[in-house]
Amino acid sequence: MSKTIFITGAGSGLGKGAALGLAKKGHSIIATTETTSQKTALLEESKNLGLDIDVFKLDITNERDLEQIEKYDFDIFVANAAINEGGPLAEVPMDRVRALFEVNVFATLASVQPAAKKFVEKRSGKIIFLSSMAGISATPYVGPYTATKHAIEGIAQTMQSELQEFGVKVATINPGAYATGFNDRSAEEKYKWYDPEKNFTKKEDMKKQEEQLKNQYDPKDMIEKMVEIIPAEEHHFRTVHPQEVEEQLKKTEKERWEMMI
């Protein structure tokens, strides 16, 4: 059955891929982008593919932009918009941490609230938070982003409990590391403030951690999973993909319970 799906942060990466993929499957897509230039690019690409997608600029940190959500009717709301930045938590400037929380947690919740209200009134609907493997586990030098995604996990689990009596479903999708450029840009950002003469964290340790970015997954695989899960009538509360990452996270969680310090 065709669904009307509202997706934030569809100007690039997995959000953009999912918007196009879902439209190809016959769903009605309302895709929002952070900037006008992203909107123009997505409209052009969708037109070239013969897809009719409703695209508009929506910066989730902008209150006037958020008001636009109330003008639309939809079956599923996908809270995908996010930013990423790394750095050692003991040294990262607090303004950078606050910036991530402002977008990934506070603005994300602010965008979900009007959708939740709509769904409660209709007694149906589904909210999907694009979380991350970072919302379940933790990796050195990715702490600021990891903290925001742990917060999203708490928000999603709480809302799932609070909204189910109104017929509203809530779920998370937790991608592994995919080569969209999102993680690579994050790794670069910390060097704007990091100074080996002032900071005690060793640059070589951070560079060693970044070596893992050479083995990121093909985004097409994750996009296919999102296209499958987002409109599905029934699925798990949490969808971790690919399968090997799910197994890795379960193993890591078990180790955390047994870990001594």
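Screening ALA147 against (1) farther than 30 Å from LYS254 by Cβ; (2) part of a helix (DSSP H, G or I); (3) open to solvent by 10 Å² or more (accessible area, probe 1.4 Å); (4) not hydroxyl-bearing (Ser, Thr, Tyr) leaves a single unmet condition, (1). Of all the residues in segment 32-65, those that are hydrophobic (A, V, I, L, M, F, W, C) and not in a loop (DSSP other than H, G, I, E, B) number 5. GLN157: in a helix (DSSP H, G or I), farther than 25 Å from VAL103 by Cα and of a type in the set (S, T, N, Q), yes or no? No; evaluated as a whole, the condition is false for this residue. Looking across segment 10-37, the residues that are of a type outside the set (Ser, Thr, Tyr), open to solvent by 30 Å² or more (accessible area, probe 1.4 Å) and either more than 17 Å from the chain's Cα centre (by Cα) or modelled with pLDDT under 95 (or both) come down to LYS24, LYS25, GLY26. Scanning segment 236-250 turns up at least one residue that is under 18 Å from the mean Cα position of the chain (by Cα) and of a type in the set (S, T, N, Q). Take the conditions (1) within 28 Å of TYR191 (Cα to Cα); (2) touching a residue at least 24 places away in the same chain (Cβ under 8 Å); (3) open to solvent by less than 20 Å² (accessible area, probe 1.4 Å); PHE129 misses just one of them, which is (1).
The condition (being open to solvent by 10 Å² or more (accessible area, probe 1.4 Å), of a type in the set (S, T, N, Q), part of a helix (DSSP H, G or I) and over 21 Å from THR35 (Cβ atoms)) is satisfied by just one residue among GLN68, GLN164: GLN164.
Taking (1) of a type in the set (S, T, N, Q); (2) within 18 Å of PRO88 (Cβ to Cβ); (3) surrounded by fewer than 17 Cβ atoms within 10 Å (Cβ to Cβ) in turn, GLN157 satisfies each apart from (2). The condition (being more than 19 Å from THR33 (Cβ to Cβ) and of a type in the set (Val, Ile, Thr)) is satisfied by just one residue among VAL55, VAL112, VAL92, VAL103: VAL92. Applying the condition of being open to solvent by 30 Å² or more (accessible area, probe 1.4 Å) and of a type in the set (Phe, Trp, Tyr) to segment 89-119 and asking which residue is nearest to GLU188 (Cα to Cα) yields PHE101. Criterion applied to LEU58, LEU49 was being among the hydrophobic types (A, V, I, L, M, F, W, C) and open to solvent by less than 70 Å² (accessible area, probe 1.4 Å), and the one residue passing it is LEU58. All conditions in (1) touching a residue at least 24 places away in the same chain (Cβ under 8 Å); (2) closer than 26 Å to GLU247 by Cα; (3) under 16 Å from the mean Cα position of the chain (by Cα) hold for ALA134, with the sole exception of (1). Within the set LYS208, LYS190, LYS214, the sole residue that is more than 19 Å from VAL78 (Cβ to Cβ) and surrounded by 18 or more Cβ atoms within 10 Å (Cβ to Cβ) turns out to be LYS190. A single entry from PHE129, PHE119 fulfils the requirement of being part of a strand (DSSP E or B) and either on the phi > 0 side of the Ramachandran plot or in contact with a strand residue (DSSP E or B) (Cβ under 9 Å, 6 or more places away or on another chain) (or both): PHE129. Of the helices (runs of 4 or more DSSP H) lying entirely inside segment 176-240, those carrying at least 1 residues that are closer than 20 Å to SER131 by Cα and modelled with pLDDT of 95 or more are 182-189, 219-229.
The values are calculated or read from the model by the stated rules, or taken from the named source; none is laboratory data. Everything numeric in this text was worked out from a predicted model, so none of it was measured. Quick reminder, even Gly has a Cβ in these numbers, built from the backbone with ideal geometry, and neighbours come from all protein chains shown. With ligands, DNA and RNA removed, areas are computed over all heavy atoms of the protein, side chains included. Shrake-Rupley method; radii C 1.70, N 1.55, O 1.52, S 1.80 Å.
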